[in-house]
Every structure is written in structure tokens, then in C-alpha cells.
1. Fewest first, what order do 226, 72 take by the number of other Cβ atoms within 10 Å?
2. Any idea what the relative contact order of region 28-119 is, in percent, if you count C-alpha pairs under 8 Å spaced at least 6 apart?
3. Relative contact order of region 186-245, please, whole-number percent, based on alpha carbon pairs below 8 angstrom and at least 6 residues apart.
4. Please build a GNM for the chain, connecting alpha carbons under 10 Å apart, and tell me which residue among 286, 316, 239 fluctuates the most.
5. Just from its helices, what would the mean residue ellipticity at 222 nm be for the chain, if runs of 4 or more DSSP H residues each count -39500 (n - 2.57) and the sum is divided by every residue, rounded to the nearest 500 deg cm²/dmol?
6. Which one of 31, 69, 242 has the biggest mean-square fluctuation once the chain is modelled by GNM with Cα springs under 10 Å?
7. Compute the distance from the alpha-carbon center of region 18-70 to that of region 160-216, in whole Å.
8. Would you please put 245-258, 197-210 in order of how densely packed they are, using the mean number of other Cβ atoms within 10 angstrom per residue and starting with the highest?
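Every number here is computed from the coordinates shown, using simple stated rules; none is lab data. This is a predicted model, so every value here is computed, not measured. Because the Cβ atoms are built from the backbone with ideal geometry, glycine has one as well, and the counts that use them run over all protein chains shown.
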């Protein structure tokens, strides 16, 4: 006889008064990813919004291909492409109001650009010139975050602070499926739910954390199901359906702004390109898998919907492509110019008010640079 049999069946006592019961059913995501394109729901979608999404998707795809080319030309140190994930990137930017904040990961340069960040400035971190490269306050886009998931607690902190101040602000934090395996993910969701912070978590499940497939990261039915454990709603959406992603994100943003607390959204998509230009994806996945996802391309899905409904013609397609080419040409021309770097910039934006030690280091570097310049001028004489 086991110890449990000796003691009798375990019967949990009712929760104390300070521990409210919560019905988990309303928090559970749908069994299948939510879709709009190709369904009856598409007829209700705003045509102007669909056309705007399409234009941004075309720009986003061209941005990805141009940035990837720049790495091969030595103009970028690294580029984590979001090709195939453009619907998530664009929808995240367009679902926010101007007063809201976007917290991107290193793969979300396209979301930052769609939010209004200069395309060159968005790539400055990946060029190795600056830690950020753009003013986060100009468009309310936090610095691109290279460490996995560390931007999530920052988003919760900002959203919670805004709520305490009475500011009508929502934070949208983006993360990959690999980031959900980090402790920062747990801490951010836990605090967000406890504080009912106005924050939306968007997980782009693109199938792999570098070379590790999702099945080796979690045994959960979906990443969206993780929301239930924290006491927030989880949503599952087709990440290649731009209209669906925008709708789900917009709903979550409105829910958060109205005081409803956080939402965890899993967008099921796919990383068509390798993890970065330094990765060989053929070592862990086959061409057939990639080609199957190409057939579910976010641009093709939206273009088919628009043309079928008579909302987009050949002229409109060509105009969108021409706009994207002009953006790429400008990006290429500006990135091909060697940047003018000032070593003294190292000391800017470290602290709001410079410390004595930092001022001392600045003076030492300035003296060294001046001495070096004097030596060079002496050699020329």
C-alpha cells in the first residue's frame, strides 16, 4: 500500500478568502489560429486598412532583401531577417496609437521602420556603430533588444508606470518563440498580470530558436496556452494573415487601454531565411518545409484577397513595388557611405547626468586624440 493510499485520497481545501477563484475557460485560446483572409470575416475588413497593410508588406519584404544584401557587401555586421514574418511586423506597428510604445527584439527592425524610425537608423545597431542608433522617444520605440526577452520586463515597467501616472499608454512587446524559454518572459507576464498592466505580448512563433525547433522548447499545446498560468487571456492567430494579426492586436490594445490588463498573443508564422547571415539553416531543416511555408506567404495571401475583391489592380501593385524600390535605393545609397564617427560619442547617452568618473574618462580620451592629431600633423611637416 502506498503512502497516499494509507493517508487517503488528497482533497484540496477550498481557497482562503484572499485567493479568488478564476474560471480559466475565458482565458484559453482557440484551438486553431484565427484567420481573416479567405474567410467570411474578410468582407468586414476595412479596405483602406488592407491596402495600407499591403503597401507596408511590400516595403517590408524589399527592406529585408536589401538589408540582407548589405550584409553580403560588408555594410552590415549581421542581419536577422524577418522575411515571411512581415505581417506580424507591420501589424504590430499599425495597431498602436502615436502615444503608445513598441518594445522590439533584434529581429524587429521592420516593425521599428513601419512605426516611423528611419531605415538607416534602425540598422545602426546591426552595423556596429551605436548601441541604438535612433532616439527612442521620437517614435516611442525602445532600443532593439539583442538579449532574449529582456525587453519584456521593461515594457511591463513602462506600462505600469504610465498607468500609475494616469497616462493613456499601452506597451506592445515583441518576442520570438525562443524568448519564451527565458526567465524574463515568466517574470514579465507574471508581473503584468498581477499589476493588470496595459501591455500586449506578441510572440512570433517562427518555428525555431536558431536551430532548436519549438517541440524541443515546450510541451504546451501552444505558446498562447501559457497565458492561462499567469491569469491573462491567450490568443492564437495566423501570423501570415496581416488582417487577422492587426485585428487581434488592435483588440488587445483596446482591452489594455480600457483597464482590462495584459494579453498574450501567439502569431504562428515561419522564418523563411536563416536565423542570421551567419547561420546555415540547411543543417537543421529541409527545403520542402521552407517551400511549404512559401505557399502561405503573407504578401500573396493579402494580394489575392485584394485583387479578388477588386480593391487592388495591376497599377496599384506596381505603385507599391515602385515605392518599395525607391525606399531600397535610398537605403542602399545611404548605407554605402562610410559613417562619420566621433569617438567622443562614446560618453553620450550613458547617464542622464554625467558622472565624475565618466568626465575623467572623456578628458583622458580627448587628450589622447589631440596628442595623436598633433603627432600626425608633425609628421606631415
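1. 72, 226
2. Here the relative contact order equals 24 percent.
3. On the way: 27 pairs, mean separation 15.9, N = 60.
For region 186-245, the relative contact order is 26 percent.
4. Of 286, 316, 239, the Gaussian network model singles out 286 as fluctuating most.
5. Values: 15 runs with 173 residues, N = 381.
Here the helix-only value at 222 nm equals -14000 deg cm²/dmol.
6. Greatest mean-square fluctuation among the candidates belongs to 31.
7. Between the Cα centres of region 18-70 and region 160-216 lies a distance of 17 Å.
8. Result, highest mean Cβ count within 10 Å first: 197-210, 245-258.
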